Amino acid sequence: MNKIPNDLVATFSIVGRDPETGELGIAVQSKFLGVGAVVPWAEAGVGAVATQSMANTTYGPEGLQLLKEGKSAQEAMDILVEKDPDKAMRQAGIVDANGGVATFTGDGCYDWAGGKTGENYAAQGNILVSEETASAMANGFEEKADEPLAEKLLHALKEGQKAGGDSRGMQSAALFIVKEKGGYAGLNDRMVDLRVDDHKTPINELERIYRLHQLYFTRPEAEDILDIDAKKREKLVRRFTQLGYLHDATDVTDETFYKALRSYIHSENFEEREQEQGKIDYKLYQFILMEQ
């Protein structure tokens, strides 16, 4: 039996595109330390690339450059593979900005290895328990057709794990999504760039920090803005006293209460959810009360 190399990026991943928003991204999990530093590559308006197995990281930047030059996902894949002397051990997936997709699995990859493609996505994996992992990822992506790209990719990853995943187990996971001006303050395209480098259940942890990302970096919907009535104020006063933003819960004026609320919001980096005096975002309110 052939020994599996220690540096093999044995993993399962899915690259995808949202035709409504133009978002492009990758979700990946592996029994490999820090898989997010190796597998996912993407650029807004261009495409997304996942490179794995005996990962050739040049597939990332070179693949994106080929897409910029007007090549389709399949054309870019063919060029990358053709010039690679170790293509038998490579695995990759590409989605382009037009929704074209390609997946490649070299005939030297360790079983089970292969991929599935569909509209706006390509799913692939190697050293998997079975083909069911790739099929489950594909089905998972399609099941969330009306959800944001991040939800589709995360769901696909979870379904792939449920179907067996990497036969060696779990260690790291990543979610990388790009969109024009989608990054922090609109200054770059890194809409979501989250990594779990070493964890017993990396996909669950990835989903947890993604939910936090949405809380910290998205703005509330109009229907989520609440009045701070007497009951809510009482609960917030009690919580802010526990957290040290208020010193005495028995004698709190409007000035000291709203100073405490502002201090909490700015100290905890919730500026995107800050509201005018007398209002509070529901998700922030819930988080404050539940924070331990």
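Counting pairs of alpha carbon atoms under 8 Å apart in space and at least six apart in sequence, what relative contact order in percent does the chain give?
Reported as a whole number, the value is 17 percent.
Put simply, the chain fits an ellipsoid with semi-axes of 43, 20, 15 Å; these come from the alpha carbon gyration tensor as the roots of five times its eigenvalues, largest first.
Would you kindly state how much longer the chain becomes between Asp229 and Glu255 on full extension, computed as 0.36 nm times their sequence separation minus their alpha carbon distance, in nm to one decimal?
7.8 nm
Taking all protein chains together, Ser267, Ser172 sort by accessible area into Ser267, Ser172, largest first [probe 1.4 Å].
Which value, in debye to the nearest 20, describes the size of the charge dipole of the stretch 117-221 about its Cα centre when Lys and Arg Cβ atoms bear +1, Asp and Glu Cβ atoms bear -1, and nothing else is charged? Let's see the in-between values first.
Values: 13 positive and 18 negative charges, 78 e Å.
I would put it at about 380 debye.
Solvent-accessible area per residue in the chain equals 49 Å², computed with a 1.4 angstrom probe and all protein chains kept.
Gyration tensor over the Cα atoms of the stretch 176-267: the corresponding equivalent ellipsoid has semi-axes (square roots of 5 times the eigenvalues, largest first) of 34, 18, 12 Å.
Of interest is the spacing of the C-alpha centroids, which for the stretch 24-95 and the stretch 146-187 amounts to 16 Å.
If only the Cβ of Lys and Arg carry +1 and only the Cβ of Asp and Glu carry -1, the dipole of the stretch 142-292 around its Cα centre is close to 380 debye. The region of the chain that goes longest without hitting one of the trypsin sites (Lys or Arg not before Pro) in a DSSP loop, each with at most 14 other Cβ atoms within 10 Å, is 84-180. Could you look at the stretch 60-182 and say what percent of its accessible area is carbon and sulfur, using a 1.4 Å probe and all protein chains? Carbon and sulfur: 43 percent of the exposed surface of the stretch 60-182. Cα-Cα over 24 Å: which of Lys31/Lys152; Lys87/Lys116; Lys152/Lys279; Lys71/Lys179? Flagged as over cut-off: Lys152/Lys279. Name the residue from Gly115, Leu175, Gly160 whose Cα lies farthest towards the positive end of the charge dipole of the stretch 105-237, charges +1 on Cβ of Lys and Arg and -1 on Cβ of Asp and Glu. Value: Leu175.
The values are calculated or read from the model by the stated rules, or taken from the named source; none is laboratory data. Everything quoted here is computed from the prediction, not taken from an experiment. Note: ideal-geometry Cβ built from the backbone for every residue, glycine included; neighbour counts use all protein chains shown. For the accessible areas, the whole protein counts, side chains as well, though only heavy atoms, and no ligand, DNA or RNA atoms are used. Shrake-Rupley method; radii C 1.70, N 1.55, O 1.52, S 1.80 Å.
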